[in-house]
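Report on the structure given below.
The values are calculated or read from the model by the stated rules, or taken from the named source; none is laboratory data. Because the structure is predicted, anything quoted here is derived from the model rather than measured. FYI the Cβ positions are ideal-geometry reconstructions off the backbone, even for glycines, and counts take in every protein chain you see.
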């Protein structure tokens, strides 16, 4: 009886060899998986920024119609911090001042660039949901707002873009492919 108890005590837990084998397997999986994920991270970041842009445009149009006020999109493609700012333009002067309400905006993360129909331009959704340029003219065709990435990942150059297109009628759509041609 004592022999059985002693045998059971000696066989509990893992041996050092078993633990080392498990650690080696975990290390191999981590290296292989990490290398794969490292190459995917910038594209995931690009898709996230593209989704944020599309959502912001949809929300801006809904806010303009719901509040019966124009919502301005200040698109800044150049400079140190490209991105956009969205605000309700209560006095209709196309300028962010003390009477306006900022709805949000986004400074693009590092490595992500922006291009629009015209760099550093202002656009707005009218209270009727239409989309117009700063000069007051309605958009005749779809206007693409594009965010892109141009980086070297694992020794290879990756160029990819995501485009959000806004039509004259104010409808916002995403170009369907995951990697759009860059302008």
Name every residue in segment 78-87 that is within 24 Å of residue 169 (Cβ to Cβ) and either crowded, with 20+ Cβ neighbours inside 10 Å or at pLDDT below 85 (or both), in order of residue number. 84, 86, 87
Go through (1) touching a strand residue (DSSP E or B) at 6+ places or on another chain (Cβ under 9 Å); (2) under 19 Å from residue 63 (Cα atoms); (3) at pLDDT 80 or above; (4) surrounded by fewer than 18 Cβ atoms within 10 Å (Cβ to Cβ) one by one and return the number of the condition residue 107 breaks. (2)
Across segment 135-170, the tally of residues that are at pLDDT 65 or above, surrounded by fewer than 14 Cβ atoms within 10 Å (Cβ to Cβ) and assigned to a loop (DSSP other than H, G, I, E, B) stands at 3
Name the residue, out of 41, 115, 55, that is at pLDDT below 85 and loosely packed, with under 14 Cβ neighbours inside 10 Å. 41
Hits in segment 89-99 (condition: surrounded by fewer than 19 Cβ atoms within 10 Å (Cβ to Cβ) and either modelled with pLDDT of 90 or more or on the phi < 0 side of the Ramachandran plot (or both)): 90, 91, 93, 95, 96, 97, 98, 99
